[in-house]
Amino acid sequence: MRSPRHPHPLRIFLATLLLSLGVALAPPATAAPDTAAPDAAAAVRIMPLGDSITGSPGCWRAMLWNSLQSAGYTNIDFVGTLNQQGCAQAHDGDNEGHGGEQVTAVADQNLLPARLSATRPDIVVMHFGTNDVWSSITPDRVLAAYTTLVRQMRESNPDMKILVAQLIPLNPDNCTGCAQRVVDLNARIPDWARTTSTSRSPVTVVDQWTGFDTATDTYDGVHPSDAGNQKIAARWYPALSALLVKGGPGDPGDPGGEEPACTATFRAVSSWQGGYQGEVTVTNASAAPVSSWTATVVPATGARLTQLWNGSLTTAADGSATVTNAAWNGPLAPSASATFGFIATTPATAGTPSATVGCTARAAIS
């Protein structure tokens, strides 16, 4: 009978070593199935940009954030290199509102590119220029700074969407000329936006001036009170929400192909012998965003539109007028409004200014 064979000592050593390393003696590993959930759609990154009205504490940002959240616009992220600056209301406090800053200084000193690189916004919400106006910097210089900032935004993101405010009124005790200088700058912003906007990177003007009263809506003629913050947030909301997506297909409230609709209302702003200033407000009356609108204005008693702003004017031989939206004020969220103004001439015998107005709207392309 043959004697049993004993393993060679070297083989025992190698087996022990391999076991300790978990090599060869273990069964081949089986790759685990990829069970990771697909990434959710990236949040839309929104930069509030400006000075102390935006950042110190800028409670309109909190009111706007919470209005958007309550309406279902939850996939958003306010961004900026600054964070919450004193507003007690819970919200995403990131922002780019630097107290005391001038928009001309930000442009001249090339401060914005680093801030854009650090935060990568998709949308910029800009109320900027109050300190420049206070310092008697001309509208030409302010608008040139706006142009520089827009160029830098597009270099950061070619698809940047930009909301630019016509500034709230400015009337501090120690600046008697400030009130008129804001009016002068605001009057130039729509034309600047019209020439700066592109289809890929639209510039939308948001009127923060009309209806804002420094006596009741600020605490010092400059910075908004709670009432002023509410007005500012309410003015930003329709323009910003028009750029956002709420829910998804099939969600409750999905308009499901509803035809776009709008309403138009007229008011006379002022009148004089031989003419008047009128204003028409176009409101999205449907449950879905619209991409553009056209209004008709038929002035009474032989009046004729001679000047128009915030839109494009075509006048027929009988005096009836057709107004199409500007590039920056066509998109309207549900219940949002856009306003255009005009000057009309009238016969000497004309009575109280009046006009018949109407509108049509085109649906936004999803």
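Only one of these conditions is not met by residue 104: (1) in a helix (DSSP H, G or I); (2) surrounded by fewer than 21 Cβ atoms within 10 Å (Cβ to Cβ); (3) not aliphatic (A, V, I, L, M). Which number is it?
Every condition holds for residue 104 apart from (2).
How many residues are within 23 Å of residue 307 (Cβ to Cβ) and either under 32 Å from the mean Cα position of the chain (by Cα) or part of a strand (DSSP E or B) (or both) if we restrict to the range 346-366?
Of the residues in that region, 5 qualify.
Within the range 327-345, which residues are more than 22 Å from residue 195 (Cα to Cα) and outside any strand (DSSP E or B)?
Result: 333, 334, 335, 336.
Being open to solvent by 60 Å² or more (accessible area, probe 1.4 Å) and among the charged types (D, E, K, R) is the filter here; which residues of the range 194-216 pass it?
The answer is 194, 200, 213.
Of the conditions (1) open to solvent by 30 Å² or more (accessible area, probe 1.4 Å); (2) within 21 Å of residue 55 (Cα to Cα); (3) at pLDDT 90 or above, residue 237 clears all except one; give me its number.
Against the list (1) open to solvent by 30 Å² or more (accessible area, probe 1.4 Å); (2) within 21 Å of residue 55 (Cα to Cα); (3) at pLDDT 90 or above, residue 237 comes up short only on (3).
Can you find a residue that is among the hydroxyl-bearing types (Ser, Thr, Tyr) and touching a residue at least 12 places away in the same chain (Cβ under 8 Å) anywhere in the range 154-167?
Yes, some residue in the range 154-167 is among the hydroxyl-bearing types (Ser, Thr, Tyr) and touching a residue at least 12 places away in the same chain (Cβ under 8 Å).
The values are calculated or read from the model by the stated rules, or taken from the named source; none is laboratory data. Just so it is clear, the model here is predicted, and its values are computed rather than measured. Cβ sites come from the backbone with ideal geometry, for glycine too, and all protein chains shown count toward neighbours. For the accessible areas, the whole protein counts, side chains as well, though only heavy atoms, and no ligand, DNA or RNA atoms are used. Shrake-Rupley method; radii C 1.70, N 1.55, O 1.52, S 1.80 Å.
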